[in-house]
Amino acid sequence: MTLFKPSWLHETPSDEESSAPVPPIHKPSAKPDLPFTPDEIEALSKPKVLISGGGISGLTLALLLYKANLPFLVLERAKEIKPLGSVMSLGASLGPLFKQLGIYDEFVRRGKHFNQAHMYKEDLKHVHTMEGSFVKEAVGHDEYVLSRPELYDLLFNSIPRERILLGKRVLSFSQTSARIVVQCSDNSKYHGDILVGADGAYSAVRQQLYKYLKVDKALPAADNVTLPFGCVCLVGQTEVLDPEVFPDLKENLAQVNNIMGVSTMCTWVTCTTKQNTVCWLVIQYLNKDTSKMNDSFRCSEWGPEAAEALAREARPFKVPGGKDGKTLTLGDYIDRTPKHLMSKVMLEEIVFKTWFGGRTVLMGDACHKMNPSGGGGAVRAIDDAVTLANWLSTLRMASEEDIENVFKEYRAERYPIAKEAFVESQMFSRNLGKNLLSVIIRGMMKRLPAWLWKRIVFKRYSIRNQASFLPLVKDNAPVRPAHQPSLHKTLTFHKKMAKDASAGSTESNAATV
């Protein structure tokens, strides 16, 4: 049996193919049975979604759309999966969602429990510890750390492989009131109803969208800017290490260490993982001269070639965790890090005002890029995916106006949260910074009353979003989840759909009898 494959999943046919004569339509003499079942009609009425970018945010949206039974296709520019990136901290606010998606148990298996981060000076003198052992009791789930490749692998393998196309670098797109067509660098074309730009800080989708908006004089001046950045980051993950040589790996809790340089314009972080590896990163703060030196790198992809110079500079940086009091350096980890697991990235910081236009919408780093020191960039991108998926799940035979209305709802919910997260990430990044303001902030953080610190943490973890089209996870934690407009507004739609489907089934059964 050959399964029907929608034409929108294929590349646009050539002119010769598309010019083939269309068979005549014969009108039957008698009224025929409906050619589609109600389920098939329902499927045909749903929007076809093209996702540009197969990173964490793009894959999360893809998994949500898969669970919502919405047609989608991921266009990822990389020709092969590269296990790049360092450590990520998440779980406490994403527990309910991951349970809905059926990936929570595997996430916990791969992650390492995390509830505190230690701050050191360059000579490894302990400054203070940011405590979070109270998180699970307050919000219902633990926080975990795991490497970005581990989370990527978990998401990637939860989605049908045929729905993710590699080597599809989006160059441009055109949109009309009826559809959107995407042009890739290999001359392939794909068409659908909605295009989601989840393609990172230097999003090709955002650049093309803004180009169209500028022509129409609809782009705010604040969005017509070059991405600002004040630092670059070297990230890496070691091969599997021997816990007897690196005893921190034996600890049940992930050992997260932040070291602030004094004689260098760098700070650095190390973190142990469940897989007995160490994820590490070096943040280099730029001045006017070094900013110019790195400017040519800003549009390049993550990769080992650009990392070598900063890696050489970082080798002597001291890190805690040596056996029997032995002093370790980042060089001990760099030597045990395969080159293909080391990369250099820019740390841009901006929240754009314009998130959509016509049938095109942005999410994640494409519309709000945050410093990773705050640890919230990936979580906020995943929250974008939930909110957007909730609204997309309500669309049926949608016009461009219908689509723009759900985009407005999506931005109205997520933009204020992105702005708050941006301010928070700046505060945490300045806690590791090099200027006078950073010194003041570190002093304040060290003397912060426990009740105020808990209040900051509780607000962050109160955003525990869920998908309205999946069975809800009970969440009765003492710190109540923040109001989620997309959940409550779209739940009404899904309840009505379920009621109508139940009524239709009852009528069908009665007719059969």
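The values are calculated or read from the model by the stated rules, or taken from the named source; none is laboratory data. What you are looking at is a predicted structure, and each value in this text was computed from that prediction instead of being measured. Every residue, glycine among them, receives a Cβ derived from its backbone with ideal geometry; neighbour counts consider all protein chains shown. Only protein heavy atoms, including side chains, enter the accessible area calculation; ligands, DNA and RNA are left aside. Shrake-Rupley method; radii C 1.70, N 1.55, O 1.52, S 1.80 Å.
Is it the case that some residue within the stretch 46-67 is under 25 Å from Val196 (Cα atoms), basic (Lys, Arg) and either at pLDDT below 90 or in a loop (DSSP other than H, G, I, E, B) (or both)? Checking the stretch 46-67: at least one residue is under 25 Å from Val196 (Cα atoms), basic (Lys, Arg) and either at pLDDT below 90 or in a loop (DSSP other than H, G, I, E, B) (or both). Output yes when any residue across the stretch 51-64 is under 24 Å from Ser468 (Cα atoms) and over 18 Å from the mean Cα position of the chain (by Cα), and no when none is. The answer is no, given that none of the residues of the stretch 51-64 is under 24 Å from Ser468 (Cα atoms) and over 18 Å from the mean Cα position of the chain (by Cα). Could we say that Glu348 is of a type in the set (D, E, K, R), at pLDDT below 85 and surrounded by 16 or more Cβ atoms within 10 Å (Cβ to Cβ) here? Taking the combined requirement at face value, the residue satisfies it. Pairing residues of the stretch 259-274 that are open to solvent by 20 Å² or more (accessible area, probe 1.4 Å) with residues that are of a type in the set (Phe, Trp, Tyr), at Cβ distances under 6 Å and at least 6 apart in sequence or on separate chains, gives Met265/Tyr285. Listed by first and then second residue, the pairs linking a residue in the stretch 311-325 that is among the basic types (Lys, Arg) to a residue that is part of a loop (DSSP other than H, G, I, E, B) and open to solvent by 90 Å² or more (accessible area, probe 1.4 Å), with Cβ atoms under 9 Å apart and 6 or more places separating them unless they lie on different chains, are Arg315/Asp335; Lys318/Asp123; Lys323/Glu244. Out of the stretch 335-345, which residues are touching a residue at least 40 places away in the same chain (Cβ under 8 Å) and surrounded by fewer than 21 Cβ atoms within 10 Å (Cβ to Cβ)? Result: Arg336, Pro338, His340. Of all the listed residues (Arg396, Arg414, Arg315, Arg380), the sole one being under 15 Å from the mean Cα position of the chain (by Cα) and over 19 Å from Gly54 (Cα atoms) is Arg414. Mind checking whether some residue in the stretch 230-244 is in a loop (DSSP other than H, G, I, E, B), among the β-branched types (Val, Ile, Thr), at pLDDT below 95 and surrounded by fewer than 22 Cβ atoms within 10 Å (Cβ to Cβ)? The answer is no; no qualifying residue exists.
Yes/no matrix, rows are residues, columns are (1) among the polar types (S, T, N, Q); (2) on the phi > 0 side of the Ramachandran plot; (3) touching a Cys at 6+ places or on another chain (Cβ under 6 Å); (4) modelled with pLDDT of 90 or more:
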site: Asn69; (1), (2), (3), (4): yes, yes, no, yes
site: Phe72; (1), (2), (3), (4): no, no, no, yes
site: Leu75; (1), (2), (3), (4): no, no, no, yes
site: Ile81; (1), (2), (3), (4): no, no, no, no
site: Val87; (1), (2), (3), (4): no, no, yes, no
site: Gly91; (1), (2), (3), (4): no, yes, no, no
site: Gly95; (1), (2), (3), (4): no, no, no, yes
site: Gln116; (1), (2), (3), (4): yes, no, no, yes
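Every residue in the stretch 168-180 that is assigned to a strand (DSSP E or B) and either closer than 19 Å to Ala62 by Cα or without any contact (Cβ under 8 Å) to a residue 24 or more places away in the chain (or both), please. The answer is Val170, Ser174, Ile180.
Each residue in the stretch 187-222 was checked for being of a type in the set (D, E, K, R) and either surrounded by 13 or more Cβ atoms within 10 Å (Cβ to Cβ) or in contact with a Cys (Cβ under 6 Å, 6 or more places away or on another chain) (or both), and 4 pass. Counting the residues of the stretch 60-82 that are hydroxyl-bearing (Ser, Thr, Tyr) and open to solvent by 30 Å² or more (accessible area, probe 1.4 Å) gives 1.
Scan the stretch 463-475 and give yes if some residue there is open to solvent by 20 Å² or more (accessible area, probe 1.4 Å) and either part of a helix (DSSP H, G or I) or modelled with pLDDT under 70 (or both), otherwise no. Within the stretch 463-475, none of the residues are open to solvent by 20 Å² or more (accessible area, probe 1.4 Å) and either part of a helix (DSSP H, G or I) or modelled with pLDDT under 70 (or both). Candidates Leu219, Leu209: the one that is in a helix (DSSP H, G or I) and of a type in the set (A, V, I, L, M) is Leu209. Considering only residues in the stretch 132-158 that are in a loop (DSSP other than H, G, I, E, B) and over 19 Å from Ile382 (Cβ atoms), the one that is nearest to the chain's Cα centre (by Cα) turns out to be Gly132. For the criterion of being surrounded by fewer than 18 Cβ atoms within 10 Å (Cβ to Cβ), touching an Asp or Glu at 6+ places or on another chain (Cβ under 9 Å) and of a type in the set (A, V, I, L, M), Leu171 fails. Per the conditions (1) open to solvent by 10 Å² or more (accessible area, probe 1.4 Å); (2) part of a helix (DSSP H, G or I); (3) at pLDDT 95 or above, the sole criterion not satisfied by Arg380 is (3). Taking strands (runs of 3 or more DSSP E) as the structural unit, those lying wholly within the stretch 83-131 and holding at least 2 residues that are open to solvent by less than 40 Å² (accessible area, probe 1.4 Å) and within 20 Å of Val386 (Cα to Cα) correspond to 87-90. Checked against (1) open to solvent by less than 30 Å² (accessible area, probe 1.4 Å); (2) within 30 Å of His340 (Cα to Cα); (3) touching a strand residue (DSSP E or B) at 6+ places or on another chain (Cβ under 7 Å), Ser57 passes all but a single condition, namely (3).
For Phe407, are the conditions met, namely being touching a strand residue (DSSP E or B) at 6+ places or on another chain (Cβ under 6 Å), open to solvent by less than 20 Å² (accessible area, probe 1.4 Å) and modelled with pLDDT of 65 or more?
Details: touching a strand residue (DSSP E or B) at 6+ places or on another chain (Cβ under 6 Å): yes; open to solvent by less than 20 Å² (accessible area, probe 1.4 Å): yes; modelled with pLDDT of 65 or more: yes.
Considered against the rule, which asks whether it is touching a strand residue (DSSP E or B) at 6+ places or on another chain (Cβ under 6 Å), open to solvent by less than 20 Å² (accessible area, probe 1.4 Å) and modelled with pLDDT of 65 or more, Phe407 comes out as yes.
Only residues that are open to solvent by 10 Å² or more (accessible area, probe 1.4 Å) and either among the aromatic types (Phe, Trp, Tyr) or at pLDDT 90 or above (or both) were counted in the stretch 278-301, giving 3.
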